[in-house]
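For reference, the structure discussed in these notes is given below.
The values are calculated or read from the model by the stated rules, or taken from the named source; none is laboratory data. Since this is a predicted model, take the numbers as computed values, not measurements. Here the Cβ positions follow ideal geometry from the backbone for every residue, glycine too, while neighbour counts run over all protein chains shown.
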Amino acid sequence: MGEGAPRRVSVVMATYRREELLRAALEDVLALKYPELEIIVVDQTPEHTPATRALLASVADHVRLIHQARPHVVTALNAGLAAARGEIVLFLDDDIRITDPDFVGAHAKNYDDPRVGGVAGRVIDARTRAEGRYDARSADPVFGFFHTSWNHRTRATVYSAPGANMSFRREALVRLGGFDERFVGNAFRFENDLVLRLSRAGYVVVFDPEPEVLHFYGSPGGSENRHLLGRDRASHAWYVAFFHNQVYCDLKHTPRRYLPGRCWRLYRSHVLNRPYLVEGAGFVLHRHAAFVRGVSGAVATYARLPRAERYAVEASSTRLRR
């Protein structure tokens with residue numbers, strides 16, 4: 001890349017069982033103004049509607065389409081990362097809208113600072129357009145995830161990123177081995193895990209409110225995050241993965257003395273809360289079973305990490321809170 005030349009950016013969009021939303025998001029990406037832009041769609045949908053098939057066929061000269069048979073958001077993003085040729089890889093959800101044609105440039109300019117390894121962009125609820133406030137507790141490297149929101153306007157260092165709108169230096173991600181595919185199902189906190197690993201590698205990840213997307217939270221398809229705090233039967237299976245990912249991330253990054261409190265908070269918020277008790281003993285029993293399965297699965301997953309990696313994680317997490 002020559003002096004002053006724009007950095008090449010690869011946009012990676014993983015999609016699964018979304019049709020109208022995918023078409024709208026892809027059309028917005030195709031309309032972006034940026035001179036060095038590569039667009040990659042990792043398609044996990046078994047069968048699209050005729051309208052979506054027609055759109056994907058019509059943009060074949062401008063979009064690299066990768067088919068992935070087994071749906072898994074983390075694997076899909078790693079497939080996009082492996083295919084990307086850009087210096088910066090910009091990850092977007094398939095249920096977003098972009099209104100600023102200079103959106104990519106707003107991400108890219110952050111990388112003029114060599115310390116920056118990633119950028120978390122602003123995410124606004126497409127239905128409410130609600131503005132948020134910055135919470136200074138989000139700057140904590142261990143507990144910041146639980147106080148972080150993406151709808152405010154304060155630039156800050158962060159320890160997570162929104163999967164709907166985040167970019168990273170490709171070289172840094174490749175060196176770290178990409179996203180951790182041990183995060184299962186809905187993959188809750190896989191972004192948090194990556195940002196913490198980038199931080200330990202010496203990079204800074206910044207929240208920049210300028211590159212903004214509108215996000216259709218809770219839309220069907222994707223990781224089915226509509227089940228968060230849900231009460232239908234399908235939510236129990238979804239919660240097994242949720243508990244697994246929460247505890248697995250904590251085992252990787254939370255100092256050991258804080259783990260009991262973290263597990264208790266998780267239990268009270270998502271197993272034995274008041275709305276669930278109203279659903280009756282059967283519901284609560286199923287949610288307890290999901291909790292046990294998720295936590296035991298997380299412990300087993302963590303135990304399978306290479307010994308050197310577990311040691312490095314435990315040593316660094318202890319240093320963070322001394």
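Structure notes:
- Segment 176-206, residues that are of a type in the set (Val, Ile, Thr) and more than 16 Å from Asp250 (Cα to Cα): Val204, Val205, Val206
- Any hit, segment 174-185, residues being part of a strand (DSSP E or B), out of contact with any Phe, Trp or Tyr (no Cβ under 8 Å at 6 or more places or on another chain) and buried (at least 20 other Cβ atoms within 10 Å of the Cβ): no
- Test result for Ala161, assigned to a loop (DSSP other than H, G, I, E, B), surrounded by fewer than 16 Cβ atoms within 10 Å (Cβ to Cβ), hydrophobic (A, V, I, L, M, F, W, C) and assigned by TED's automatic domain parsing to the domain that holds Lys33: no
- Note on segment 9-49: residues that are in a strand (DSSP E or B) and not β-branched (Val, Ile, Thr) total 6.
- Taking residues in segment 122-135 that are modelled with pLDDT of 95 or more, and partners anywhere that are assigned to a strand (DSSP E or B), the pairs with Cβ atoms closer than 6 Å and at least 6 places apart or on different chains are Arg122/Pro209; Arg122/Glu212; Val123/Asn165; Val123/Val213; Val123/His215; Ile124/Leu214; Ala126/Leu214; Ala126/His215.
- Of all the numbered requirements in (1) assigned to a loop (DSSP other than H, G, I, E, B); (2) buried (at least 18 other Cβ atoms within 10 Å of the Cβ); (3) of a type outside the set (Gly, Ala, Ser); (4) touching a Lys or Arg at 6+ places or on another chain (Cβ under 7 Å), Thr52 misses one, and that requirement is (1).
- On inspection, Ile88 does not qualify as farther than 26 Å from Leu176 by Cβ, surrounded by 19 or more Cβ atoms within 10 Å (Cβ to Cβ), among the hydrophobic types (A, V, I, L, M, F, W, C) and in the same structural domain as Leu32 (by TED's automatic domain parsing).
- Matching residues, segment 220-244, being touching a helix residue (DSSP H, G or I) at 6+ places or on another chain (Cβ under 6 Å) and touching a residue at least 60 places away in the same chain (Cβ under 8 Å): Ser223, His244
- Residues considered: Val73, Val89. Of these, the only one that is among the hydrophobic types (A, V, I, L, M, F, W, C), touching a Gly at 6+ places or on another chain (Cβ under 8 Å), closer than 19 Å to Ala5 by Cα and in contact (Cβ under 8 Å) with a residue 40 or more places away in the chain is Val89.
- Scan of segment 255-278 for residues that are among the charged types (D, E, K, R) and either surrounded by 16 or more Cβ atoms within 10 Å (Cβ to Cβ) or not in a helix (DSSP H, G or I) (or both), ordered by number: Arg262
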